[in-house]
Amino acid sequence: MAVRVQTEDFDVGAEMAAMRHGNPKIGAIASFVGVVRDLNEGADVAEMTLEHYPGMTEKALEKIVGEARARWDIYDALVVHRVGTLKPTDQIVLVVVASGHRGEAFQACEFLMDYLKTRAPFWKKEKTPEGGRWVDARTADDAAADRWS
């Protein structure tokens with residue numbers, strides 16, 4: 001189980017290959033990649049800046065991964081979240097889960113993303129033609145996370 005917060009991009013294929021390398025028990029790998037959009041809430045987005053508190057953020061991500069591991073029979077999980085200034089089409093987040101069966105992998109991956117969207121301490125600021133604006137939490141994200149309670 002690993003979490004990383006970094007400015008550098010990540011290679012999805014390499015991360016998935018590294019996770020399953022040498023473990024013949026893995027029968028399923030589910031993944032999610034979040035990408036910066038060029039439009040949000042009707043406004044053009046030129047870039048997004050993600051901020052966090054080093055140390056605190058990693059601990060929060062580790063706790064979320066631990067919750068997933070306690071709920072599902074998974075062999076491994078990886079969360080990579082980028083910070084800094086990103087442009088449209090840049091990758092923001094990677095979640096990869098390995099398990100013996102697809103059901104656990106899919107559910108744990110979805111749980112991790114729902115909790116990352118609502119409980120991970122990141123702050124997002126978008127640059128639009130009208131200026132900068134902080135991205136507020138979405139009710140739909142809260143509702144998605146609530147279903148795991």
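Every number in this text was worked out from the coordinates using simple rules, so none of it is lab data. Bear in mind the structure is a predicted one, so any value in this text is a computation, not a measurement. Here Cβ is always computed from backbone atoms with ideal geometry, including for glycine, and neighbour counts include all displayed protein chains.
A few remarks follow.
For (1) within 23 Å of D114 (Cβ to Cβ); (2) within 16 Å of the chain's Cα centre (by Cα); (3) not β-branched (V, I, T), each residue gets a yes or a no:
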| site | (1), (2), (3) |
| --- | --- |
| N23 | no, no, yes |
| V36 | yes, yes, no |
| L39 | yes, no, yes |
| Y53 | yes, no, yes |
| K59 | yes, yes, yes |
| G66 | yes, yes, yes |
| A70 | yes, no, yes |
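- Against the test of being touching a residue at least 24 places away in the same chain (Cβ under 8 Å), assigned to a loop (DSSP other than H, G, I, E, B) and of a type in the set (D, E), the options D9, D114 yield a single qualifying residue, D9.
- Verdict on F10 being within 27 Å of K125 (Cβ to Cβ) and in contact with a Cys (Cβ under 9 Å, 6 or more places away or on another chain): no
- Of all residues in the range 127-149, none are assigned to a strand (DSSP E or B), crowded, with 19+ Cβ neighbours inside 10 Å and polar (S, T, N, Q).
- Within the range 14-61, restricting attention to residues that are in a strand (DSSP E or B), among the hydrophobic types (A, V, I, L, M, F, W, C) and touching a helix residue (DSSP H, G or I) at 6+ places or on another chain (Cβ under 7 Å), the residue that is surrounded by the most Cβ atoms within 10 Å (Cβ to Cβ) is A30.
- Top-ranked residue in the range 72-94 [being under 23 Å from W134 (Cβ atoms) and outside any strand (DSSP E or B); ranked as nearest to the chain's Cα centre (by Cα)]: V83
- For the range 89-112, a tally of residues being under 23 Å from N23 (Cβ atoms) and crowded, with 20+ Cβ neighbours inside 10 Å returns 12.
- Identity of the residue in the range 68-88, under 19 Å from F122 (Cα atoms) and in contact with a helix residue (DSSP H, G or I) (Cβ under 9 Å, 6 or more places away or on another chain), that ends up surrounded by the most Cβ atoms within 10 Å (Cβ to Cβ): V79
- Any chance I64 is surrounded by 13 or more Cβ atoms within 10 Å (Cβ to Cβ) and either assigned to a loop (DSSP other than H, G, I, E, B) or without any contact (Cβ under 8 Å) to a residue 24 or more places away in the chain (or both): no
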